[in-house]
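Worksheet for the structure shown next.
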Amino acid sequence: MNDQTKATVTAMLAKAPEWVRTDLASKDASVRTRAEETLAAMIASALEATDPAPN
């Protein structure tokens with residue numbers, strides 16, 4: 001992982017909504033899964049937005 005990728009992920013995590021943070025710690029598997037999927041989508045979107053290579 002390069003410095004730009006780390007910075008992008010770190011900045012995105014800092015902006016993660018409180019419900020995502022809370023739901024990641026949930027004992028309810030479906031709630032936790034929803035939060036994990038949301039977080040994964042947010043990370044992928046942030047990385048895609050900073051990717052200089054065309055898709």
Exercise. Would you pick out the residues in the stretch 27-46 that are over 17 Å from ALA14 (Cβ atoms) and surrounded by 12 or more Cβ atoms within 10 Å (Cβ to Cβ)?
Worked result: VAL31, ARG32, THR33, ARG34, GLU36
Exercise. Being touching an Asp or Glu at 6+ places or on another chain (Cβ under 8 Å) and free of Cβ contacts under 8 Å to residues at least 24 places away in the same chain, is that true of even one residue in the stretch 39-51?
Worked result: no
Exercise. Does any residue of the stretch 14-21 turn out to be acidic (Asp, Glu) and either exposed (fewer than 12 other Cβ atoms within 10 Å of the Cβ) or touching a Gly at 6+ places or on another chain (Cβ under 7 Å) (or both)?
Worked result: yes
Exercise. Any idea which of (1) more than 12 Å from the chain's Cα centre (by Cα); (2) without any contact (Cβ under 8 Å) to a residue 40 or more places away in the chain is the one PRO17 doesn't satisfy?
Worked result: (1)
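Read-outs: derived from the displayed coordinates by stated rules, not from any lab. Keep in mind it's a predicted model, so treat the numbers as computed, not measured. Heads up, the Cβs are rebuilt from the backbone with ideal geometry, glycines too, and the neighbour counts pull from every protein chain shown.
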